[in-house]
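Chemist: Let me begin by handing over the structure; questions about it come next.
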Amino acid sequence: MRSGAVRRIAALLLLAAGPVLVLGVLFVLPVTGMVAEGFVADGRFAPGAVLDVLARPRVHRVAWFTVWTSGVATLLSVVLGLPAAYALHRLALPGRAAVRAALLVPFVLPTVVVGVAFRQLLGEGGPLGSLGLDGTPVAIICGLVFFNVAVVVRTVGVAWESLDPRPGQAAAALGASPWQVLRTVTLPALRPAIVGAASIVFLFCATAFGIVLTLGGVRHATVETEIYLLTTTVFDLRAAAALSVLQIVVVVGLLALAARLRAVPDPTAHRTVTPVRAVRRPDAPVVLATLAVLAAMLVPILTLVLGSLRVGGEWGLGNYRALSGTGDNQALLAPVTSALATSLRTAVDATWMALLVGVLVATIVTRRSHSLAERRVRSTLDGFFMLPLGVSAVTLGFGFLITLDQPPLDLRDSPLLVPMAQALVALPLVVRTLTPVLGGIDDRQRQAAASLGASPWRTLLTVDLPVTWKPMLAASGFAFAASLGEFGATSFLARDDSPTLPVVIFRLLGHPGAMNYGMALAASVVLAVATAVVMLAVERLRVPGVGAF
Amino acid sequence: MLTLDDVTVRYGDTAAVDDVSLELATGQVLAVLGPSGCGKSTLLRAVAGLEPLAAGSISWDGTDLAGTPTHKRGFALMFQDGQLFAHLTVARNVAYALRLRRTPSARVATRVRELLDLVGLSGYDERLPGTLSGGERQRVALARALAVEPRLILLDEPLSALDATLRERLAGDLRSILHAAGTTALLVTHDHEEAFALADRLAVMQSGRVVQNGAIDEVWREPVDEETALFLGYARVLRDESAARVLAAAGLRSSYAVALRRSALVADADGPLRARVEQARVTPEQVRLVVDVDGIGTVDAVAPLGSRVSPGDEAGLRVDVTRLAVLPITPGS
């Protein structure tokens, strides 16, 4: 290998050192700590106990439940998402931008809020209470689909938007009917996007926490909620660790598959966006399907809002006024309003951390490799930084608790503990938003700037920054919204006297009392509005890749 | 027979194709020639049914095609860059339309072999489009378009994505293939060489309108105005006195304007025109001159290879009447 190539790899590793260290301490250490908990008994390495756990019938039931509900939810998300992806990214529908933004909101809605909304919709006395779906797997699947349709619409929609229409036209000119064009040309071209979206959705479903916990409780547990129940109520750490290991293995496998299938943006290829075309009569089924999906998205949210406005059988703002208190029977240690303030403060900290690391990571993985070895190093780093996307937030949160509690890494009482965990959860979102943009900058642009006398700093300022400031802003908003709603890791780490809003909502739900339930609804609406406002602002920036994987 | 009657295609307020009427008889090849942005590709897409008409009609053998969607027109469209389906092998690409029609697979196999033979790509069946050169891809696209024996084949600058040598070779092949298959073809291009290489008839298009239309040699010999002449490869257009002098030297009737090709004036010591050589440049075929002719001004001329001319020399010129065109325009037009 020539010394130039070695020097490039060395520089790359030096640049990567910061993010790798951060991820090492805040991610690898906690997760391995959690995993070690299961394999080490009385100071000795004893993997037998883990295998014993995996042989338990309840574990089999939980694993199978996770797989089949996630599978069905993934399938439904894809089936419902495809027509909407087409209608919203290829047709000139009136109000298209607003609908696209609206569909993005569920994805960042706090899981607890969605859980509350579905219980309000399906529970006794709810509009669909007569169906008897409350607490059934169907309710859980509906909740999962609600979250993940947006991922399919985004990911496939963005791919569809940049799909060259000419092969389809060539097929039509060769006699293919619209249906045949879809089957033989369009779908094969979209296959990487569809399979990629499906594998990510499956991942999200299989590691979903808040929604399953609020809708399924103890009866319908998935691997993720089972880990939570085992650690917090049964205190069977060995079993929890065993399930974490199982989950990590499956997730890493799925991530590897998703990475293989994800189309790598070719920096030399110009991304073209096909202009939308007018809606015609044959588009009616697609448009109707999109409207149906939109309605299905709106119903739970509307039920939630209406429910929050009812106090003791009458309309009123009582639930909202109660937010300045601590609920019936002293359900909370701090008023909900101060939890909102804590949430916002935490989200700000999590956002700058995620952005700082995310920009570095995105820069590292998108620069063009000059040698095969360099490319390998880059793609390994790329995969490494994606890990937090799939590893359970519960595992992460619990790992934080048991590993970061002694010097030199005693972070238990640090106000930055929760933001750090949330930043890790948001990091993959930031990286995924920025990489297509940075990867889309033709390296020759930078070379041209350099050849015209621009210093590397100047090049960054005049070539990279004008293209990336909007996506960076969008990524910040995305990270902010995600961290506002983060529940899995936070539920372990938030201190009792300063909880975040999702944690408060979950506590209110767990305490009996009509006032507490009403407050949970009102707090959910407040949280939903906060995330929705942020996401609408992000959508206004019109960054194509936001929410696509 | 393809008939276009007063066809207009609009993008917003601008008419990309403006009131175009054309006819194309079965078995003939018509080239629509025009600069980029003149609306020729839009015209082609309108014929394929990919652009809605704002006015006028397109019909085949007297049947209006207004209600017929692209896939039922039976017109195969061949894109500038081939637009092969990247996920299908060469054989699958060629067989695409046959499979749509549920042709028995034995018949498909024979037909694919015939077509690949025809375009000179036997044995390429299992290759993927990504592994082919530009010229090979265009050949596969042609085979794919011919597979269903379309009533009309639409070609969008089929050769312009290729380099010069390849273009020349494929142009010859394409012409003989089209003629062998007896296919009716409509071709749009900005390259007059491409048009001459492939077409029987020529329509010249400028800013959305067809300004001239006829047999190819006719159009070439008698361009209708200065712009058309320049677009057809004439080097210069002379007017008034200058035109009269050149025509007089050629022994032709006087006229207001004349278009000259580069080789219209030939160095000849006994020629009727006197000039001073300003530049001389040797090319593989001839010596190219720029000369200052008395009473005409600076024009191009040629001298046979081996003639000794250098800048500053006095030279005689004669006019080659086959290399000029008298333009039917009058002062003020």
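The values are calculated or read from the model by the stated rules, or taken from the named source; none is laboratory data. The shown structure was predicted, so the numbers you read here are calculated from the model rather than taken from an experiment. FYI the Cβ positions are ideal-geometry reconstructions off the backbone, even for glycines, and counts take in every protein chain you see.
Chemist: Go through segment A:368-403 and give me each residue that's charged (D, E, K, R) and in contact (Cβ under 8 Å) with a residue 12 or more places away in the chain. Break it down stepwise before answering.
Modeler: Our first condition is that a residue be charged (D, E, K, R); within segment A:368-403, this holds for A:368, A:374-376, A:378, A:382.
Answer for segment A:368-403, where residues must be charged (D, E, K, R) and in contact (Cβ under 8 Å) with a residue 12 or more places away in the chain: A:Arg368, A:Glu374, A:Arg378, A:Asp382.
Chemist: When segment A:90-118 is examined, which residues are found to be more than 22 Å from the chain's Cα centre (by Cα) and touching a residue at least 24 places away in the same chain (Cβ under 8 Å)?
Modeler: Scanning segment A:90-118 gives A:Arg90, A:Leu91, A:Ala92, A:Leu93, A:Arg96.
Chemist: State which residue pairs qualify: first residue over 15 Å from B:Glu23 (Cβ atoms) and in the same structural domain as B:Asp156 (by the TED database) and inside segment B:182-211, second residue buried (at least 18 other Cβ atoms within 10 Å of the Cβ) and of a type in the set (Phe, Trp, Tyr) in any location, beta carbons under 9 Å apart, and separation of 6 or more residues or different chains.
Modeler: B:His190/B:Phe231; B:His192/B:Trp220; B:His192/B:Phe231; B:Phe196/B:Trp220; B:Val204/B:Phe231; B:Gln206/B:Phe231
Chemist: Shifting gears a bit: Check whether at least one residue in segment A:176-194 is of a type in the set (A, V, I, L, M, F, W, C), buried (at least 22 other Cβ atoms within 10 Å of the Cβ), facing chain B (nearest Cβ under 7 Å) and touching a helix residue (DSSP H, G or I) at 6+ places or on another chain (Cβ under 7 Å), and report yes or no.
Modeler: Yes - at least one qualifying residue is present in segment A:176-194.
Chemist: Answer yes if at least one residue in segment B:107-124 is within 13 Å of another protein chain (Cβ to nearest Cβ), outside any loop (DSSP other than H, G, I, E, B) and surrounded by fewer than 19 Cβ atoms within 10 Å (Cβ to Cβ), and no otherwise.
Modeler: No, that holds for no residue.
Chemist: What tally of residues in segment B:93-121 results from selecting those that are over 15 Å from B:Glu136 (Cα atoms) and of a type outside the set (Val, Ile, Thr)?
Modeler: So the count comes out to 16.
Chemist: Now for a separate question. Can you confirm whether B:Gly134 is surrounded by fewer than 20 Cβ atoms within 10 Å (Cβ to Cβ) and touching a Phe, Trp or Tyr at 6+ places or on another chain (Cβ under 9 Å)?
Modeler: For B:Gly134, the condition - surrounded by fewer than 20 Cβ atoms within 10 Å (Cβ to Cβ) and touching a Phe, Trp or Tyr at 6+ places or on another chain (Cβ under 9 Å) - is not met.
Yes/no per residue for (1) aromatic (Phe, Trp, Tyr); (2) more than 19 Å from B:Leu198 (Cα to Cα); (3) surrounded by fewer than 14 Cβ atoms within 10 Å (Cβ to Cβ):
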{"residue": "B:Asp13", "(1), (2), (3)": "no, yes, yes"}
{"residue": "B:Val17", "(1), (2), (3)": "no, yes, no"}
{"residue": "B:Ala25", "(1), (2), (3)": "no, no, yes"}
{"residue": "B:Val32", "(1), (2), (3)": "no, no, no"}
{"residue": "B:Ala46", "(1), (2), (3)": "no, yes, no"}
{"residue": "B:Leu50", "(1), (2), (3)": "no, yes, no"}
{"residue": "B:Gly56", "(1), (2), (3)": "no, yes, no"}
{"residue": "B:Ser59", "(1), (2), (3)": "no, yes, no"}
{"residue": "B:Thr63", "(1), (2), (3)": "no, yes, yes"}
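Chemist: Cβ-Cβ below 8 Å, separation at least six or inter-chain, first residue in segment A:78-89 and on the phi > 0 side of the Ramachandran plot, second modelled with pLDDT of 90 or more and not in a helix (DSSP H, G or I): which pairs?
Modeler: none
Chemist: Can I ask one more? Of the residues A:Asp443, A:Asp497, A:Asp464, A:Asp410, which single one is loosely packed, with under 15 Cβ neighbours inside 10 Å, of a type in the set (Asp, Glu) and free of Cβ contacts under 8 Å to residues at least 40 places away in the same chain?
Modeler: On inspection, the qualifying residue turns out to be A:Asp410.
Chemist: Turning to a different aspect of this structure: Spot the failing condition for B:Ala86; the list is (1) modelled with pLDDT of 85 or more; (2) facing chain A (nearest Cβ under 10 Å), and only one is missed.
Modeler: Unmet condition: (1).
Chemist: So how many residues does segment A:484-515 have that are within 16 Å of A:Gln422 (Cβ to Cβ), small (Gly, Ala, Ser) and part of a helix (DSSP H, G or I)?
Modeler: Result for segment A:484-515: 4.
For (1) surrounded by fewer than 16 Cβ atoms within 10 Å (Cβ to Cβ); (2) in contact with a strand residue (DSSP E or B) (Cβ under 7 Å, 6 or more places away or on another chain), each residue gets a yes or a no:
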| residue | (1), (2) |
| --- | --- |
| B:Val140 | no, no |
| B:Ile177 | no, no |
| B:Thr184 | no, yes |
| B:Arg209 | yes, yes |
| B:Val246 | no, yes |
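Chemist: Identify, from the list B:Leu132, B:Leu155, B:Leu146, the residue that is in contact (Cβ under 8 Å) with a residue 40 or more places away in the chain and under 23 Å from A:Pro188 (Cα atoms).
Modeler: Step by step, each of B:Leu132, B:Leu155, B:Leu146 is checked, and only B:Leu132 is in contact (Cβ under 8 Å) with a residue 40 or more places away in the chain and under 23 Å from A:Pro188 (Cα atoms).
Chemist: So if I check each of A:Thr214, A:Thr222, which one is modelled with pLDDT under 85 and either within 14 Å of chain B (Cβ to nearest Cβ) or surrounded by 17 or more Cβ atoms within 10 Å (Cβ to Cβ) (or both)? Walk me through how you get there before you give the answer.
Modeler: Numbers: A:Thr222 fails: modelled with pLDDT under 85.
Going through A:Thr214, A:Thr222 in turn, the sole match is A:Thr214.
Chemist: Find the residue count for segment A:480-498, including only residues that are modelled with pLDDT under 85 and not aliphatic (A, V, I, L, M).
Modeler: Within segment A:480-498, residues that are modelled with pLDDT under 85 and not aliphatic (A, V, I, L, M) number 7.
Chemist: Those residues that are within 8 Å of another protein chain (Cβ to nearest Cβ) and over 15 Å from B:Val148 (Cβ atoms), I need them from segment B:69-83; list them, please.
Modeler: Within segment B:69-83, B:Pro69, B:Phe79, B:Gln83 qualify.
Chemist: Still on this structure, I have one more. Within segment B:18-68, track down each residue that is more than 14 Å from chain A (Cβ to nearest Cβ), out of contact with any strand residue (DSSP E or B) (no Cβ under 7 Å at 6 or more places or on another chain) and assigned to a loop (DSSP other than H, G, I, E, B).
Modeler: B:Ala25, B:Thr26, B:Gly27, B:Pro35, B:Ser36, B:Gly37, B:Asp61, B:Gly62, listed by residue number.
Chemist: While we're on this one: Which helices (runs of 4 or more DSSP H) sit wholly inside segment A:55-139 and have at least 1 residues that are surrounded by fewer than 20 Cβ atoms within 10 Å (Cβ to Cβ) and either of a type in the set (Val, Ile, Thr) or touching a strand residue (DSSP E or B) at 6+ places or on another chain (Cβ under 7 Å) (or both)?
Modeler: Here the list reads A:57-90.
Chemist: Can you confirm whether segment A:312-331 contains a residue that is among the β-branched types (Val, Ile, Thr), in contact (Cβ under 8 Å) with a residue 40 or more places away in the chain and surrounded by 15 or more Cβ atoms within 10 Å (Cβ to Cβ)?
Modeler: No: zero hits.
Chemist: On to the next question. Here are some residues: A:Ala239, A:Ala256. Which one is farther than 13 Å from A:Ser392 by Cβ and within 18 Å of the chain's Cα centre (by Cα)?
Modeler: A:Ala256
Chemist: Being within 30 Å of A:Val20 (Cα to Cα) and either modelled with pLDDT of 90 or more or buried (at least 20 other Cβ atoms within 10 Å of the Cβ) (or both): is that true of A:Thr363 here?
Modeler: No, not satisfied.
Chemist: Return the residues of segment A:154-175 that are away from chain B (no Cβ under 14 Å) and among the basic types (Lys, Arg); say none if nothing qualifies.
Modeler: A:Arg154
Chemist: Oh, and also: Of the residues in segment B:259-270, how many are part of a loop (DSSP other than H, G, I, E, B) and among the small types (Gly, Ala, Ser)?
Modeler: Result for segment B:259-270: 3.
Chemist: Let me ask something else. Go through segment A:494-538 residue by residue and tally those that are more than 16 Å from A:Gln120 (Cβ to Cβ) and hydroxyl-bearing (Ser, Thr, Tyr).
Modeler: 3
Rundown of residues vs (1) out of contact with any Phe, Trp or Tyr (no Cβ under 9 Å at 6 or more places or on another chain); (2) at pLDDT 85 or above; (3) not assigned by the TED database to the domain that holds B:Leu24, yes/no style:
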| position | (1), (2), (3) |
| --- | --- |
| B:Gly123 | yes, yes, no |
| B:Pro150 | no, yes, no |
| B:Ile153 | no, yes, no |
| B:Ala164 | yes, no, no |
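Chemist: Does segment B:290-307 hold any residues that are under 22 Å from B:Leu247 (Cβ atoms) and among the hydroxyl-bearing types (Ser, Thr, Tyr), and which are they?
Modeler: Residue satisfying the conditions is B:Thr298 alone.
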